[in-house]
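Okay, structure first, notes after.
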Amino acid sequence: MILTAHQPTFLPWTGLLHKIALAEKFIVFDAVQFEYHEYGNRCRILTDQGVQFVTVPVKTQGHTSKRFCDMEIADPKWADKAVKTIRGSYAKTKFFKTYSPELFEIMRAHPADLATLNVELMAFLLKSFGIERPTARASSFDFAGYKSGLVLDMCKTLGAETYVFGAAGKDYADRQSFADAGVKVKFQRFTPAAYDQGWGRLFTPGLSSLDLLFRYGPRSLEIVLQGNPTKVDELDD
């Protein structure tokens, strides 16, 4: 079994979707500390004025000692502003009407915690891109350890034969420990393929996957994979 994992991310960029596509199971790592000013509660979209953030407000008191799965959404009406911003940017794109009703329904459902919202939105994106994978939340298990050791314990617990790290995993993965445990390690390589984003601008990478989905619909996964590894055997080890 090929496994990968990542912290809950709000409407993430296509690089995360690519990593999940390479695996056979995905773990939402919601049992780690929430990091403020990262992408757990915000994403980047493209407007006629340039890049803009869409943000989910969270209750920040004590966040330095809280796990991601314990982070609460601060304003139950946050989705009203977010929906308006996304609609204002993408209403004229070819596939907006195809995907936005389900997206906005999830956003307006007002789950009380950020991790649940992100898990539901990720499921929407994976389905829309055609990358549906069995998914579980780390908070449902008792994984032990720190950084590389934590990942290895997760692999042992779930019976993974291969684990796909992000590219940054090369800086901290203890390859010998994985080898001793009989778990192969692979490291993602991903370069986003340029596509037409409208307004006559040069390609802007790192946007929410919504940008690609609303513009290219069923072709989105093809564009994500373009020029990138499509199976785990093509990755670095």
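Here are 88, 62, 50: which of them is within 22 Å of residue 192 (Cα to Cα), of a type outside the set (Phe, Trp, Tyr) and out of contact with any helix residue (DSSP H, G or I) (no Cβ under 8 Å at 6 or more places or on another chain)?
Of the residues listed, the single one that is within 22 Å of residue 192 (Cα to Cα), of a type outside the set (Phe, Trp, Tyr) and out of contact with any helix residue (DSSP H, G or I) (no Cβ under 8 Å at 6 or more places or on another chain) is 50.
For the structure I just gave you, tell me whether residue 16 is under 29 Å from residue 141 (Cα atoms) and touching a strand residue (DSSP E or B) at 6+ places or on another chain (Cβ under 8 Å).
Criteria met by residue 16.
Tell me, please, whether a residue that is of a type in the set (Lys, Arg) and surrounded by fewer than 16 Cβ atoms within 10 Å (Cβ to Cβ) can be found in region 162-172.
Within region 162-172, one or more residues are of a type in the set (Lys, Arg) and surrounded by fewer than 16 Cβ atoms within 10 Å (Cβ to Cβ).
I'd like to check something: does region 57-73 contain any residue that is within 20 Å of the chain's Cα centre (by Cα), at pLDDT below 95, hydrophobic (A, V, I, L, M, F, W, C) and closer than 20 Å to residue 154 by Cβ?
Yes: one or more hits.
Just one of (1) in contact (Cβ under 8 Å) with a residue 24 or more places away in the chain; (2) loosely packed, with under 13 Cβ neighbours inside 10 Å; (3) touching a strand residue (DSSP E or B) at 6+ places or on another chain (Cβ under 9 Å) trips up residue 179, so point out which.
(1)
Counting only residues that are small (Gly, Ala, Ser) and without any contact (Cβ under 8 Å) to a residue 12 or more places away in the chain, which one in region 182-237 is surrounded by the fewest Cβ atoms within 10 Å (Cβ to Cβ)? Spell out the reasoning first.
Taking region 182-237 and keeping what is small (Gly, Ala, Ser), we get 182, 193-194, 198, 200, 206, 208-209, 217, 220, 227.
Pick out the ones that are also without any contact (Cβ under 8 Å) to a residue 12 or more places away in the chain and you get 194, 200.
Numbers: 194: 13, 200: 6.
Going through the qualifying residues, I end up with 200.
Looking only at region 90-125, which residues are over 19 Å from residue 41 (Cβ atoms) and touching a strand residue (DSSP E or B) at 6+ places or on another chain (Cβ under 8 Å)? Reasoning before the result, please.
Restricting attention to region 90-125, the residues satisfying the condition of being over 19 Å from residue 41 (Cβ atoms) are 90-102, 105.
Answer for region 90-125, where residues must be over 19 Å from residue 41 (Cβ atoms) and touching a strand residue (DSSP E or B) at 6+ places or on another chain (Cβ under 8 Å): just 90.
Here are 121, 103, 117, 126: which of them is touching a Lys or Arg at 6+ places or on another chain (Cβ under 7 Å), closer than 22 Å to residue 13 by Cα and modelled with pLDDT of 95 or more?
126
The values are calculated or read from the model by the stated rules, or taken from the named source; none is laboratory data. The shown structure was predicted, so the numbers you read here are calculated from the model rather than taken from an experiment. Virtual Cβ from ideal backbone geometry, glycine too; neighbours counted across all protein chains shown.
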